[in-house]
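The values are calculated or read from the model by the stated rules, or taken from the named source; none is laboratory data. This structure is a prediction, so every number in the text was calculated from the model and none was measured. Methodologically, a virtual Cβ is constructed for each residue, glycine included, from the backbone with ideal geometry; neighbour enumeration extends over all protein chains shown. All accessible areas refer to the heavy atoms of the entire protein, side chains included, with ligands and DNA or RNA removed. Shrake-Rupley method; radii C 1.70, N 1.55, O 1.52, S 1.80 Å.
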Amino acid sequence: MLALPLTQLLLCMVQLTLLGGVLMFFRPLLVGIVRALVLVVRPRPTKDELAARRQRAQAAAVGSH
């Protein structure tokens, strides 16, 4: 009666350990995939957009003084 839950617990612990090992081994790949997905959802601004934003910020700083 007690052997079945203990066996299931041991099996679950082994599976979690293997999953953790696989995730640690492929961590750089997974981080790269996540970064690529973030860029798909929220792309980086172009150099022209960054320059325009910088000019607006400078103009606002000069105008407020």
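Key figures for this structure:
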read-out: LEU19 open to solvent by 80 Å² or more (accessible area, probe 1.4 Å) and in a helix (DSSP H, G or I); value: yes
read-out: Scope the stretch 1-16; condition surrounded by 10 or more Cβ atoms within 10 Å (Cβ to Cβ) and either basic (Lys, Arg) or more than 22 Å from the chain's Cα centre (by Cα) (or both); matching residues; value: THR7, GLN8, LEU9, LEU10, LEU11, CYS12, MET13, VAL14, GLN15
read-out: Residue in the stretch 37-58 that is loosely packed, with under 10 Cβ neighbours inside 10 Å and either on the phi > 0 side of the Ramachandran plot or among the polar types (S, T, N, Q) (or both) present; value: yes
read-out: Members of the stretch 32-65 found to be within 27 Å of the chain's Cα centre (by Cα) and not in a helix (DSSP H, G or I), listed by number; value: ARG42, PRO43, ARG44, PRO45, THR46
